[in-house]
1. What's the Cα-based Rg to Rh of region 100-152, Rh via Kirkwood?
2. Regarding region 123-223, what are the three Cα extents along the principal axes, ordered largest first, in Å?
3. Report the dimensions of region 62-161 along its three principal axes from the alpha-carbon atoms, largest first, rounded to Å.
4. In this model, which of Lys156/Lys185; Lys171/Lys229; Lys49/Lys164 are farther than 26 Å apart at the alpha-carbon?
5. Under the definition of Cα pairs under 8 Å and six or more residues apart, what whole-number percent is the relative contact order of region 179-243?
6. Run through every distinct alpha carbon pair of region 244-360 and return the Kirkwood hydrodynamic radius in angstroms, one decimal place.
7. How large is Rg/Rh for region 219-306, to two decimals, with Cα atoms and a Kirkwood Rh?
8. Add +1 for every Lys or Arg and -1 for every Asp or Glu among the other residues with Cβ under 11 Å from the Cβ of Leu213, and state the total.
Amino acid sequence: MRLLNGNAAEAKVLGPGCDAWYKVEPAGFVCLGPESTLDPNDPTFVALKKHAGAFDSPFPYAYGESVGTPRYSEAPNEAEQRKREWDLEDHRTKLAELGIDSTPSGIPFPTLPQLSPLVREARGNVARGSTVAWSAEYDAFGRTFLYTSDHALVPKDRVKPYPKSSYAGIKLEGDTKLPIAFFRKKDRPKLKRDGDSFTETGASFPRLGWVMLTGEEVKTGGKTYLETKEQGIWVRADDASVAALRDTIPFRYDEQPNGRRTWVDVSILTGTLVAYEGTTPVFATLISAGRGGLPVAGHDPISTASTPTGTFRVDGKFRTATMVSSTDSSIVHSDVQFVQNFHGAHALHGAYWHDAWGELKSGGCVNLSPTDSKFLFEWSEPRLPPDWHGVRSTPDLGPPTRVVVRP
């Protein structure tokens, strides 16, 4: 991160608990000690930077699911592998059944500097069902290892890569406006109107597709039908998740008169999110709220895997955060991308492990597609200073984005 005015002498200050404190931009201090350096050519820093996340991408790391794997601090020889992995021979016979690709990377393991154990998470193993994030693959001792986000090694043949979701929401600009119908779970039929009846055309809107609506609806035969802006095409209301313009915003009339007044409207049951700047909607998408649905009175929403309702604010933003399952503490999601906390442990964040947008899926957070999570992270407030990993919402960083969660 950048020192104050880019000048080490000017940034250096005296303070307790550290040989040398340095002011950094736009605010705060860092301690120059064994885990930090002012030298951009420091070999440890260079080695660590080589394996840093690619935060210009919705996928800062490659991601996959553990089938049960040890973590190594250095490349293990054959004897060390057999000592840690008692089932190694049996495991190797099941790779095709597990759907795991163990193709060598073709890249020999590089010489790395000795790293402090504080760099790595204190986990000797990654439980089955947990996830792994990695930046590179290297070959050593007849096997390929994944170099994880916290600078440990896991065998490639014990991790099943996730397919990358390409889903992305819609920027509301030009002629693209609310209301919009999204389609979740499966393809939905396009209908044509004949008097008071509606029949299927034989064509469909694809799962995760969308169409703008005219606002016209017809109720007949106990069902409601919505007119789309596609000429002559209607949809069943039950088939659509509708994102519509909200009448009120979560600000007093005199709040932030010169600010952007950013906020997001999240609907748990329709699985939609709309981002606003004041009264103007700028983005709409599908999300995945808690699999427990609406909160249960008298119960912590974490205990029911529900998403809390109410008006909140973005309390903190982190490029990645490792998360522990709300139902099984042995299950860990490594380096979840573009996290924005709004209610304790509850956050808006990317979910690289599924593609069920619009459905109730999460442990209570608001899951976003990786692409959407990056967009909203960069759009929302407070803005993350350049080269920072995370930030808490403090007054000197300006007003935070508000998060409205409703049924």
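1. Details: Rg = 12.2 Å, Rh = 12.6 Å.
My calculation of the ratio gives 0.97.
2. Over region 123-223, Cα extents along the principal axes are 73, 31, 23 Å.
3. Computed over the Cα atoms, the extents are 37, 26, 26 Å.
4. Details: Lys156/Lys185 32 Å; Lys171/Lys229 17 Å; Lys49/Lys164 24 Å.
In this structure, Lys156/Lys185 exceed 26 Å between Cα atoms.
5. Values: 136 pairs, mean separation 24.9, N = 65.
The normalised contact order for region 179-243 reaches 38 percent.
6. Numbers: mean 1/r = 0.0640 Å⁻¹.
Answer for region 244-360: a Kirkwood hydrodynamic radius of 15.6 Å.
7. On the way: Rg = 17.0 Å, Rh = 15.9 Å.
Radius of gyration relative to Kirkwood radius: 1.07.
8. Working: positive: Lys177, Lys229; negative: Glu216, Glu217, Glu227, Glu230.
After counting each charged neighbour, the total is -2.
All of the numbers you see were taken from the coordinates with simple rules; none came from a lab. None of the values given here were measured: they were computed from a predicted structure. Cβ sites come from the backbone with ideal geometry, for glycine too, and all protein chains shown count toward neighbours.
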